[in-house]
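The structure under discussion appears below in the form of structure tokens.
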């Protein structure tokens, strides 16, 4: 799989949830991550910025199509 195919939208940890804090009447969808390492205190802002520049998180994992 090429690097260009790696993104949050096709990661097994990714999910979308309505965010009503900014738009209470609309509730726009925002993408979130279930990965415990991504959501830990050990995942620094520097790591986040590196990952953002690469286009995907260092914990990116493909969706297992057998489970889908």
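Rundown of residues vs (1) outside any loop (DSSP other than H, G, I, E, B); (2) at pLDDT 90 or above; (3) touching a helix residue (DSSP H, G or I) at 6+ places or on another chain (Cβ under 6 Å); (4) surrounded by 13 or more Cβ atoms within 10 Å (Cβ to Cβ), yes/no style:
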{"position": "18", "(1), (2), (3), (4)": "yes, no, no, no"}
{"position": "24", "(1), (2), (3), (4)": "no, no, no, no"}
{"position": "29", "(1), (2), (3), (4)": "yes, no, no, no"}
{"position": "32", "(1), (2), (3), (4)": "yes, yes, no, yes"}
{"position": "36", "(1), (2), (3), (4)": "no, yes, no, no"}
{"position": "42", "(1), (2), (3), (4)": "no, yes, no, no"}
{"position": "48", "(1), (2), (3), (4)": "yes, yes, no, yes"}
{"position": "52", "(1), (2), (3), (4)": "yes, yes, no, no"}
{"position": "57", "(1), (2), (3), (4)": "no, yes, yes, yes"}
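So, in the range 1-15, exactly how many residues are loosely packed, with under 12 Cβ neighbours inside 10 Å and either part of a loop (DSSP other than H, G, I, E, B) or touching a strand residue (DSSP E or B) at 6+ places or on another chain (Cβ under 8 Å) (or both)?
Residues that pass the stated criteria total 3.
Write out, first by first residue and then by second, each pair whose Cβ atoms fall under 8 Å of each other, whose residues are 6+ apart or on separate chains, and whose first residue, in the range 36-54, is on the phi < 0 side of the Ramachandran plot while the second is outside any loop (DSSP other than H, G, I, E, B).
Correct list of pairs: 39/33; 54/3.
The values are calculated or read from the model by the stated rules, or taken from the named source; none is laboratory data. For clarity, every value in this text was computed on a predicted model and none was experimentally measured. Methodologically, a virtual Cβ is constructed for each residue, glycine included, from the backbone with ideal geometry; neighbour enumeration extends over all protein chains shown.
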